[in-house]
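S.K.: Encoded as structure tokens, here's the structure I'll be asking about.
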Amino acid sequence: GFTSVSEALTPETLVDMLARYLDEMTGEILRYGGTVDKFIGDAIMAFWGAPKPFEQDALAACRAALANRARLETLRQVWAKANLPTLDTRTGIHTGTATVGNFGSPSRLDYTAIGDAVNVASRLENLNRVYGTDILISDVTQHDVADVIVTRPIDKVAVKGHQEGLVIYALIGERERCSDEELALARTCTDAMALYFGGNWEAAE
């Protein structure tokens, strides 16, 4: 909803809000070892594993997303006190191989990541609109972080260029910080989705 928000603000206020938002979110990405690729309007693209290898890339990305969720909640309170509109965010995380380097023309080069893994992450970010979630991760990422991160399955979706559907998960939180209710929700959703995929509709419902 950033476009509609921006139309209701003066340019100076808009710049101040956006600058603080990007600064706060970027700070958490860097703190968890990420590389900020670029800003695309109000969006941030980041990756892990380059320019130098980073252990537990998927876990670090998920932790950065959770930290940004908490940061945004604090920013919302600040904006509300100033009678400013609040912003919602969507995050998509996928784990895969990408080509990373300097791309562009001889007169202008950008250090960036390209490839299918990047496209899938972007697709997951957009799918948050459909499911009413704020952080979606792929089953590949979920497999890498399952021991530490609590998630709930959302759906199986078709992704361009992939023969099989991709199971997507909503990020709940780090296991050691989750409440009993959150852990119960994750178990219930996991059981229900398994029944649903198995065609046992009544039990799944």
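The values are calculated or read from the model by the stated rules, or taken from the named source; none is laboratory data. Computed from a predicted structure; not experimentally measured. Ideal geometry is used to build each Cβ from the backbone, glycine not excepted, and the neighbour counts take in all protein chains shown. What goes into the accessible areas is simple: the full protein's heavy atoms, side chains included, and nothing from ligands, DNA or RNA. Shrake-Rupley method; radii C 1.70, N 1.55, O 1.52, S 1.80 Å.
S.K.: Cross-link candidates for Lys81: which aspartates and glutamates have Cα within less than 15 Å, leaving aside residues fewer than 8 places away along the same chain?
M.R.: Result set, ordered by chain and number: Glu73.
S.K.: If you don't mind, there's one more thing I want to ask. Probe of 1.4 angstrom, ligands and nucleic acids ignored: what's the accessible area per residue over segment 1-68, in square angstrom?
M.R.: I get 56 Å² per residue for segment 1-68.
S.K.: Here is a further query. What residue among Ile149, Ile135, Ile40 has the largest mean-square fluctuation in a Gaussian network model of the chain, using Cα springs under 10 Å?
M.R.: Ile40
S.K.: Now for a different question. Helix 116-131 versus the longest principal axis of the chain: what is the Cα-based angle in degrees, 0 to 90, to the nearest 10?
M.R.: 80 degrees
S.K.: For Thr74 and Leu22, what is the calculated FRET efficiency with R₀ set at 22 Å and r taken between the beta-carbons, to the nearest 0.05? Please report the intermediate quantities before stating the final value.
M.R.: Numbers: r = 15 Å, r/R0 = 0.69.
The pair Thr74/Leu22 has a calculated efficiency of 0.90.
S.K.: What is the distance in Å between the Cα centres of segment 3-77 and segment 174-205?
M.R.: 30 Å
S.K.: OK, next. When the chain is treated as a GNM, springs tying every alpha-carbon pair under 10 Å, which of Ala60, Ala186, Ala82 comes out with the largest mean-square fluctuation?
M.R.: Sorting by GNM fluctuation, first place goes to Ala82.
S.K.: What is the helix-to-structure angle for 180-197, meaning the angle in degrees between its Cα long axis and the longest Cα principal axis of the chain, kept from 0 to 90 and rounded to the nearest 10?
M.R.: Around 70 degrees separate the two axes.
S.K.: In the Gaussian network model of the chain, springs joining C-alpha atoms below 10 Å, which of His94, His143, His162 carries the largest mean-square fluctuation?
M.R.: For the chain, modelled as a Gaussian network with Cα springs under 10 Å, the answer is His162.
S.K.: Which log10 I(q)/I(0) values does segment 68-195 give at q = 0.20 Å⁻¹ under the Debye formula, counting every alpha carbon as one identical point scatterer?
M.R.: Normalising to I(0) and taking log10 leaves -1.17.
S.K.: Run the reach check for Lys52 against lysines, Cα to Cα strictly under 22 Å, same-chain hits fewer than 8 apart removed. What comes back?
M.R.: Straight-distance partners of Lys52: Lys38.
S.K.: Percent of Cα-Cα pairs more than 18 Å apart in segment 11-123, please.
M.R.: Result: 54 percent of Cα pairs exceed 18 Å.
S.K.: What angle, in degrees between 0 and 90 and rounded to the nearest 10, separates the Cα long axis of helix 11-31 from the longest principal axis of the Cα atoms of the chain?
M.R.: Helix 11-31 and the main axis of the chain meet at about 60 degrees.
S.K.: Let me ask you something else. Could you give the length gained by full extension between Leu195 and Thr97, i.e. 0.36 nm per residue of separation minus their alpha carbon distance, to one decimal place?
M.R.: Result: 32.1 nm gained on full extension.
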